[in-house]
Amino acid sequence: MLDDFLYRNPELYESIYPHRRKAELCKEAFDKHLSRPPASLLEVACGTGRDLFDLSKGIPDCAGFDVEPKMVAFARERNPGLEITAGDMRSCRLNRTFDAICALGGSINFALSNDELDQTIETYRTHAHPGTLLFLQTLNSGEFFGQFKAPTTFSGSYGGTRAEGIASYKLFAMEQLVERERVWRIDGESGELRDLVRFRIIFPAELSHFLAVHGFEVLEIMERPGGNLYTMSMFVVARFDGR
């Protein structure tokens, strides 16, 4: 379930979610787990394309896709030299493979059911060849049970307009789902805007199993690399074995 006001307003998205240079984490994984730098890379759910642009500085052949048309248009306009297309992570097929694949920003957490998780990882597999390295950023499941610490306030500007959002959350523990509703107030507008998103909490062993079914061997799972910069994130590195 994806009805996110920010995804429909890429400039505001970048204002609220500052550039944290996740590409540097990808490059560290490539240096550690690949015998040579990747010559090609696919970013699944590339959003505004800023991480893809950073990665393209050292990788000659980069491509990305995203399901939100406004994100794709924004990314294409700002990065005319990159191959960025519209596509759903559950079904997009570019009919080629890559040396490296990354899926950042917790995009995999929008695969709510087992079928959708299978479909998403099958998309990774379809674009992989033996030795392809997969780098995933997923929500840290430990942050959603016990003392819940998800952010409740969001603020930023787009087109010279200020926007502020207040979020509330519902945890459906048995289904491993979190529902977030945000109420937005936009300067100059009298009413409120609401968006509603559901995402799945995926445990490390669970994700490792789904990846293995599709031929990926997990090499490393990192929690909060670089301290608290990625408080709610977990990073997974896996290699496709060619099955």
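The values are calculated or read from the model by the stated rules, or taken from the named source; none is laboratory data. Everything numeric here is computed off the predicted structure, so don't read it as measured data. Here the Cβ positions follow ideal geometry from the backbone for every residue, glycine too, while neighbour counts run over all protein chains shown. With ligands, DNA and RNA removed, areas are computed over all heavy atoms of the protein, side chains included. Shrake-Rupley method; radii C 1.70, N 1.55, O 1.52, S 1.80 Å.
Filtering the stretch 222-239 down to residues that are at pLDDT 80 or above and open to solvent by less than 20 Å² (accessible area, probe 1.4 Å), which residue is farthest from Thr132 (Cα to Cα)?
Top of the filtered list is Ser233.
Which residue, of Gly165, Gly242, is over 25 Å from Asp51 (Cα atoms) and either in a loop (DSSP other than H, G, I, E, B) or modelled with pLDDT of 90 or more (or both)? Explain how you work it out, then say what you get.
Numbers: Gly165 fails: over 25 Å from Asp51 (Cα atoms).
Exactly one of Gly165, Gly242 is over 25 Å from Asp51 (Cα atoms) and either in a loop (DSSP other than H, G, I, E, B) or modelled with pLDDT of 90 or more (or both), namely Gly242.
Looking at (1) part of a strand (DSSP E or B); (2) open to solvent by less than 40 Å² (accessible area, probe 1.4 Å), which one does Cys26 not meet, given that it meets all the others?
The one condition Cys26 does not meet is (1).
Which members of the stretch 96-109 meet the condition of being open to solvent by 50 Å² or more (accessible area, probe 1.4 Å) and in contact with a helix residue (DSSP H, G or I) (Cβ under 9 Å, 6 or more places away or on another chain)? Spell out the reasoning first.
Kept after step one, since they are open to solvent by 50 Å² or more (accessible area, probe 1.4 Å), are these residues of the stretch 96-109: 96-97.
Hit for the stretch 96-109 is Thr97, nothing else.
List the number of the failed condition for Cys92; all other conditions in (1) part of a loop (DSSP other than H, G, I, E, B); (2) closer than 18 Å to Phe240 by Cα hold.
(2)
Return the residues of the stretch 40-60 that are in contact with a strand residue (DSSP E or B) (Cβ under 8 Å, 6 or more places away or on another chain) and either of a type in the set (Val, Ile, Thr) or open to solvent by 50 Å² or more (accessible area, probe 1.4 Å) (or both); say none if nothing qualifies.
Going residue by residue through the stretch 40-60, those that are in contact with a strand residue (DSSP E or B) (Cβ under 8 Å, 6 or more places away or on another chain) are 40-47, 49, 51-52, 55-56, 59-60.
Selection gives Val44, Ile59, Pro60.
Checking the conditions here, which among Glu77, Glu43, Glu68 is more than 23 Å from Ala128 (Cβ to Cβ) and in contact (Cβ under 8 Å) with a residue 24 or more places away in the chain?
Going through Glu77, Glu43, Glu68 in turn, just one is more than 23 Å from Ala128 (Cβ to Cβ) and in contact (Cβ under 8 Å) with a residue 24 or more places away in the chain: Glu68.
Condition test on Val218, is it open to solvent by 80 Å² or more (accessible area, probe 1.4 Å), under 30 Å from Ala63 (Cβ atoms) and either touching a residue at least 12 places away in the same chain (Cβ under 8 Å) or under 20 Å from the mean Cα position of the chain (by Cα) (or both)? Write out each step before concluding.
Working: open to solvent by 80 Å² or more (accessible area, probe 1.4 Å): no; under 30 Å from Ala63 (Cβ atoms): yes; either touching a residue at least 12 places away in the same chain (Cβ under 8 Å) or under 20 Å from the mean Cα position of the chain (by Cα) (or both): yes.
Criteria not met by Val218.
Quickly run through the stretch 138-152 and pick out the residues that are under 27 Å from Ala103 (Cβ atoms) and either open to solvent by 40 Å² or more (accessible area, probe 1.4 Å) or assigned to a strand (DSSP E or B) (or both).
Residues of the stretch 138-152 that are under 27 Å from Ala103 (Cβ atoms), as a first pass: 138-146, 148-152.
The answer is Thr138, Leu139, Gly142, Phe145, Gly146, Phe148, Lys149, Pro151, Thr152.
Quick one: what pairs do we get from the stretch 171-187, first residue part of a strand (DSSP E or B), second among the small types (Gly, Ala, Ser), C-beta under 6 Å, 6+ apart or different chains?
Listed by first residue and then by second, the contacts come to Arg180/Ala167; Glu181/Ser168; Arg182/Gly165; Arg182/Ala167; Trp184/Ala163; Trp184/Gly165; Ile186/Ala163.
Hey, any hits in the stretch 76-88 for a residue that's basic (Lys, Arg), farther than 19 Å from Leu136 by Cα and assigned to a helix (DSSP H, G or I)? Before you say what the answer is, go through the steps one by one.
Within the stretch 76-88, the subset basic (Lys, Arg) is 76, 78.
Remaining after also requiring farther than 19 Å from Leu136 by Cα: 76, 78.
Then keep just the ones that are assigned to a helix (DSSP H, G or I); that gives 76, 78.
Yes, the conditions are met somewhere in the stretch 76-88.
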